[in-house]
Amino acid sequence: MALVLQEARYVEGEAKNEEIDVLSVEGAAALIEYFKSHIRKVYSRLHVTKEDKQAELALAWITKQGGKVTAREVLHHHVAGVKMKSEALDLFRNLEERGMGKFEEKEKKSFAFILNTQGDRRQLPSNPYGPKE
């Protein structure tokens, strides 16, 4: 990368010679960091299942609702594409299996999901490259 930048700078008259200088090395390092940040974004989405996407959408919506919702509310708002009661219950079970909260039967045929506190939540599938440090 540094060589390509150096040659481009030389052709444009910005560099005095073809020997790689500090500016080209720093530019190459900046480009690599840029590419790495985009690789992280793309890679984190490559192995995401339909259930992962649905859980992510549902968690965002449940959080906005204060952390506690009923199956009826999820159905009414078509959260994460849910259109039937059975889908809402499956969603609640999926979230509970992921350690994101508790699925409970409130009253006869009334179901709710309560998010765990932030510290108690397991994460959705993560990017193996990890967060940018």
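Collect the residues in region 8-61 that are in a helix (DSSP H, G or I), within 30 Å of His77 (Cα to Cα) and β-branched (Val, Ile, Thr), keeping them in residue-number order.
As a first pass, look at region 8-61 and keep what is in a helix (DSSP H, G or I): 8-11, 22-46, 50-61.
Right, trim to within 30 Å of His77 (Cα to Cα) and you get 41-42, 44-46, 50-61.
Residue satisfying the conditions is Val42 alone.
Return yes when Ala28 is over 20 Å from Arg98 (Cβ atoms) and surrounded by 15 or more Cβ atoms within 10 Å (Cβ to Cβ) and no when it is not. Walk me through how you get there before you give the answer.
Values: over 20 Å from Arg98 (Cβ atoms): yes; surrounded by 15 or more Cβ atoms within 10 Å (Cβ to Cβ): yes.
Judged against the criteria, Ala28 is a match.
Pairs please, first residue from region 64-83 and of a type in the set (D, E, K, R), second anywhere and surrounded by 14 or more Cβ atoms within 10 Å (Cβ to Cβ) and assigned to a strand (DSSP E or B), Cβ atoms under 6 Å, 6+ apart in sequence or on different chains.
From region 64-83, the pairs are Lys68/Ile114.
State which residue is nearest to Gly67 (Cα to Cα) when the search covers only region 82-103 and only residues that are among the basic types (Lys, Arg) and touching a strand residue (DSSP E or B) at 6+ places or on another chain (Cβ under 8 Å).
Going residue by residue through region 82-103, those that are among the basic types (Lys, Arg) are 83, 85, 93, 98, 102.
From what's left, touching a strand residue (DSSP E or B) at 6+ places or on another chain (Cβ under 8 Å): 93, 102.
Numbers: Arg93: 16, Lys102: 11 Å.
Step by step, filter region 82-103, then rank; the result is Lys102.
Output the residues belonging to region 104-119 that are more than 12 Å from Gly67 (Cα to Cα), modelled with pLDDT of 50 or more and not in a loop (DSSP other than H, G, I, E, B). First the steps, then the outcome.
Of the residues in region 104-119, the ones more than 12 Å from Gly67 (Cα to Cα) are 104-111, 119.
Next, only the ones that are modelled with pLDDT of 50 or more stay: 104-111.
Glu104, Glu105, Lys106, Glu107, Ser110, Phe111, listed by residue number.
List every residue pair whose Cβ atoms sit under 7 Å apart, with the two residues 6 or more apart in sequence or on different chains, where the first one lies in region 89-114 and is in the same structural domain as Glu56 (by TED's automatic domain parsing) and the second, anywhere, is among the polar types (S, T, N, Q) and surrounded by 17 or more Cβ atoms within 10 Å (Cβ to Cβ).
From region 89-114, the pairs are Leu91/Gln54.
When you check Lys85 against the structure, is it modelled with pLDDT under 95 and either farther than 30 Å from Glu12 by Cβ or surrounded by 15 or more Cβ atoms within 10 Å (Cβ to Cβ) (or both), yes or no?
Details: modelled with pLDDT under 95: yes; either farther than 30 Å from Glu12 by Cβ or surrounded by 15 or more Cβ atoms within 10 Å (Cβ to Cβ) (or both): yes.
It is true that Lys85 is modelled with pLDDT under 95 and either farther than 30 Å from Glu12 by Cβ or surrounded by 15 or more Cβ atoms within 10 Å (Cβ to Cβ) (or both).
The values are calculated or read from the model by the stated rules, or taken from the named source; none is laboratory data. Note that the structure is a prediction, hence the values are computed from the model and not measured. Positions of Cβ are generated from backbone atoms using ideal geometry, with glycine treated the same way; all protein chains shown enter the neighbour counts.
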